[in-house]
1. Confirm whether Ala22 is under 21 Å from the mean Cα position of the chain (by Cα) and modelled with pLDDT of 95 or more.
2. Return a yes/no flag: does segment 89-107 have any residue that is aromatic (Phe, Trp, Tyr), more than 23 Å from the chain's Cα centre (by Cα) and either at pLDDT below 90 or assigned to a strand (DSSP E or B) (or both).
3. Being over 19 Å from Lys55 (Cα atoms) and assigned to a helix (DSSP H, G or I) narrows it down to one residue among Gly166, Gly152; which is it?
4. Kindly provide the set of residues from segment 89-138 that are under 20 Å from Pro56 (Cβ atoms) and surrounded by fewer than 20 Cβ atoms within 10 Å (Cβ to Cβ), ordered by number.
5. Just to be sure before I move on: is Arg50 of a type outside the set (Val, Ile, Thr) and in contact with a Phe, Trp or Tyr (Cβ under 9 Å, 6 or more places away or on another chain) in the structure I sent?
6. Residues in segment 81-88: is at least one buried (at least 19 other Cβ atoms within 10 Å of the Cβ), under 21 Å from Ser165 (Cβ atoms) and not acidic (Asp, Glu)?
7. State which residue pairs qualify: first residue in contact (Cβ under 8 Å) with a residue 40 or more places away in the chain and under 30 Å from Leu167 (Cβ atoms) and inside segment 25-46, second residue in a strand (DSSP E or B) and of a type in the set (Phe, Trp, Tyr) in any location, beta carbons under 9 Å apart, and separation of 6 or more residues or different chains.
8. Hey, Glu140 hits all of (1) of a type in the set (D, E, K, R); (2) in a strand (DSSP E or B); (3) in contact (Cβ under 8 Å) with a residue 60 or more places away in the chain; (4) farther than 15 Å from Leu31 by Cβ but one; which does it fall short on?
Amino acid sequence: MQMNQLTTLLIILLFCLLSSYAIAQPSIAVLDFELRDLTLKPGVPQEVERTASVKPMLEKELQKVGYAIVSIPIAAQIQATAGFGYLFDHHDIAAQLAQQYNADYVLVGRLHKPSFLFVYLMAHLIDVKQQRLIADYLSEVKGGEKKLTRKGVESLVVKINDTFSGLK
């Protein structure tokens with residue numbers, strides 16, 4: 001083989017490998033996180049704002065590592081919810097919602113605040129086709145600063161990656 005043919009063949013092979021990797025990445029729908037505030041002053045604006053910031057942060061971090069993000073309108077999420085924590089506790093209903101938007105997986109989350117000192121980012125990763133929970137995540141965040149919340153989100157992404165690495 002001549003050098004040009006060999007180079008062309010190597011480029012085609014590399015392209016095929018990269019294309020199959022990109023196709024193999026699952027799509028994930030991330031639902032809005034719910035705030036479960038058990039403190040004496042529940043639902044203060046700072047916690048409501050922090051809770052609302054988790055989904056966009058999580059989507060951004062998941063995209064950075066190559067996952068396709070599926071958007072589900074908040075109105076559809078509200079319609080599927082029969083009350084606080086419903087989608088978090090009913091994996092089949094969350095999966096049916098995500099299936100309508102062609103997601104492979106859905107991540108349902110909660111910001112659980114048992115104390116003024118720390119919160120837990122809790123998330124369930126649900127396989128949409130099988131309509132079942134495949135992973136349950138917990139990430140502790142001490143303090144209310146945005147950078148600390150981001151660290152908690154980054155910790156969730158590491159755990160999600162570990163889950164998908166184990167599925168292959």
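The values are calculated or read from the model by the stated rules, or taken from the named source; none is laboratory data. Note that the coordinates shown come from a computational prediction; the quantities given were computed from them, not determined experimentally. With ideal geometry, Cβ positions are generated from the backbone for all residues, glycine too; neighbour counts draw on all protein chains shown.
1. The answer is no for Ala22.
2. Initially, segment 89-107 is screened for residues aromatic (Phe, Trp, Tyr), giving 101, 105.
This time we only want the ones that are more than 23 Å from the chain's Cα centre (by Cα), so: none.
No: zero hits.
3. Numbers: Gly152 fails: over 19 Å from Lys55 (Cα atoms).
Going through Gly166, Gly152 in turn, just one is over 19 Å from Lys55 (Cα atoms) and assigned to a helix (DSSP H, G or I): Gly166.
4. Within segment 89-138, Tyr101, His112, Tyr120, Met122 qualify.
5. Criteria not met by Arg50.
6. No, segment 81-88 contains no residue that is buried (at least 19 other Cβ atoms within 10 Å of the Cβ), under 21 Å from Ser165 (Cβ atoms) and not acidic (Asp, Glu).
7. Pro26/Tyr105; Ser27/Tyr105; Ile28/Tyr105; Ala29/Tyr105
8. Condition not satisfied by Glu140: (3).
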